[in-house]
Amino acid sequence: MKKNYLLTPGPTPLPPEVMESLARPIIHHRTPQFLSIFKEVCVGLKYVFATKQDCFVFTSSGTGAMESTVVNLLSAGDTAICVNGGKFGERWGKLCQAYGVEPVIVDVEWGKAVDPKVIEEKLKNTKPAPKAVFTTLCETSTGVSTDIREIAKIVNKTDAVLVVDAVSGLGAVPCYTDEWQIDVVVSGSQKGLMIPPGLAFCTLNEKAWKLVEASKLPKFYYDYKKYKASLAKNDMPWTSAISLIVALNSAFKLLQQRGLENGFKYYEVLADSVRAAALALGLELFADASCRSNAVTSIKLPASVDGAKLVKIMRDDYGVAVAGGQEHLKGKIIRIAHMGYINEFEIVLCISCLERILSKMGHKIDLGVGVKAAQEVFIKNSL
Ligand SMILES: *Cc1c(COP(=O)(O)O)cnc(C)c1O
């Protein structure tokens, strides 16, 4: 009998209220019962996206919402700037290529954030003028946070629209769609929003709608015009993922009760505690100090430790699931999430497990120093 803990950057653990709502008997989606729930979910979406605009709900993982932006905003032959500083930024370029959009890739060293000035320069010097700039709020593969606010200021001076992949981080770190004037934001259900994978979301402003009107790429399931028409009737074009919508409503109640800002502060403390613990254990943080995300922390492992094996032992033998590194970081880093339904005692538990396995794998550490550093951060911040 083993107890399992999930500290991966998606999926994240489910609150009991969400699990309870997932277990309810299914109801039909074209009923006043369901539509009243959907209506509340739409209010919740506006809350987490910090927008007054419509938010669309898709039945897909986060990548589906990413793809929806490409097919709805662009036409074959368009150019678009894609910021690539990790696995998810890379996906924007691949999506553009799949649809005959010419990606102008801004390569960023993994662990660093894009310099907004580079985007400014690319916007000025790319011909034909880029129609969109694709970015990532929190690059989950590296634990890097992007300065979306600064980038928005730059993109807003041009005809291009700014598209932000906020699949990771929405609900956990600031992403003020309206205030920062972000044109398009997409997200998914299994990270900061604490329900299972299967829903994706998108919100867009007037400037982006002009591109939708002009877009010639083929589209059907993700056609924003269909979603907009349905939403005007408080509905969705296709059969909804009913149970997930019901679960999302429960999750939104919890997020609203706590308050978005309180959540941001809480995850910042959790992030600080993980960083402090890693440093106390003599480990280095992978992401540059200037751009560390408060949604996920990436920690470099000592060269003497097989990181893939460490992740496997933590998960399979001890029930503590964290993420390893991807691509060239395989076996070299671990990633610990602090978004959604993860609390400070799970962080302590995770750090204690990490300490024990590191120690067992021959890395010399004083047991407890990581836990102590984390606890001190909690106390200092009145948790
Ligand atoms: C998880 C994630 C996605 C979407 O992945 P799916 O597997 O399609 O849900 C996209 N971007 C980022 C930054 C992510 O962390």
Meets criteria (charged (D, E, K, R), open to solvent by 10 Å² or more (accessible area, probe 1.4 Å) and within 12 Å of the ligand (Cβ to nearest atom)) for Lys233: no
Entirely in the stretch 16-91, the helices (runs of 4 or more DSSP H) that have 1 or more residues that are away from the ligand (no atom under 16 Å from the Cβ) and more than 27 Å from Phe264 (Cα to Cα): 32-49, 62-73
The lone exception for Tyr99 - which of (1) among the aromatic types (Phe, Trp, Tyr); (2) within 11 Å of the ligand (Cβ to nearest atom); (3) open to solvent by 50 Å² or more (accessible area, probe 1.4 Å) it fails: (2)
Residue within the stretch 313-329 that is aromatic (Phe, Trp, Tyr) and without any contact (Cβ under 8 Å) to a residue 24 or more places away in the chain present: no
Any hit, the stretch 255-262, residues being in contact with an Asp or Glu (Cβ under 6 Å, 6 or more places away or on another chain) and either touching a residue at least 40 places away in the same chain (Cβ under 8 Å) or not assigned by TED's automatic domain parsing to the domain that holds Lys39 (or both): no
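Yes or no: the stretch 133-140 includes at least one residue that is buried (at least 24 other Cβ atoms within 10 Å of the Cβ) and more than 12 Å from the ligand (Cβ to nearest atom). Quick ask: steps written out before the conclusion?
Start the filter on the stretch 133-140 by keeping residues that are buried (at least 24 other Cβ atoms within 10 Å of the Cβ), which leaves 133-140.
Subset that is more than 12 Å from the ligand (Cβ to nearest atom): 133.
Yes - at least one qualifying residue is present in the stretch 133-140.
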Residue satisfying all of: in the stretch 333-347; farther than 14 Å from Ala271 by Cβ and in contact (Cβ under 8 Å) with a residue 40 or more places away in the chain; most open to solvent (accessible area, probe 1.4 Å) among these: Tyr341
Qualifying positions in the stretch 357-382 - surrounded by 15 or more Cβ atoms within 10 Å (Cβ to Cβ), outside any helix (DSSP H, G or I) and not aliphatic (A, V, I, L, M): His363, Asn381
Residues of the stretch 1-26 satisfying the condition of being of a type in the set (A, V, I, L, M) and open to solvent by 40 Å² or more (accessible area, probe 1.4 Å): Met1, Leu6, Leu14, Met19, Leu22, Ala23, Ile26
Subset tally (residues that are touching a strand residue (DSSP E or B) at 6+ places or on another chain (Cβ under 7 Å), of a type in the set (D, E, K, R) and assigned to a helix (DSSP H, G or I)) for the stretch 92-150: 1
Test: residue in the stretch 151-159 that is within 26 Å of Leu285 (Cβ to Cβ) and of a type outside the set (Asp, Glu): yes
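The values are calculated or read from the model by the stated rules, or taken from the named source; none is laboratory data. What you see is a predicted model; the values in this text were computed from it and never measured. Please note: Cβ atoms are built from the backbone with ideal geometry, for glycine as well, and neighbour counts cover all protein chains shown. Ligands, DNA and RNA are stripped out before the accessible areas are found, and what is left, the full protein with its side chains, is counted by its heavy atoms. Shrake-Rupley method; radii C 1.70, N 1.55, O 1.52, S 1.80 Å.
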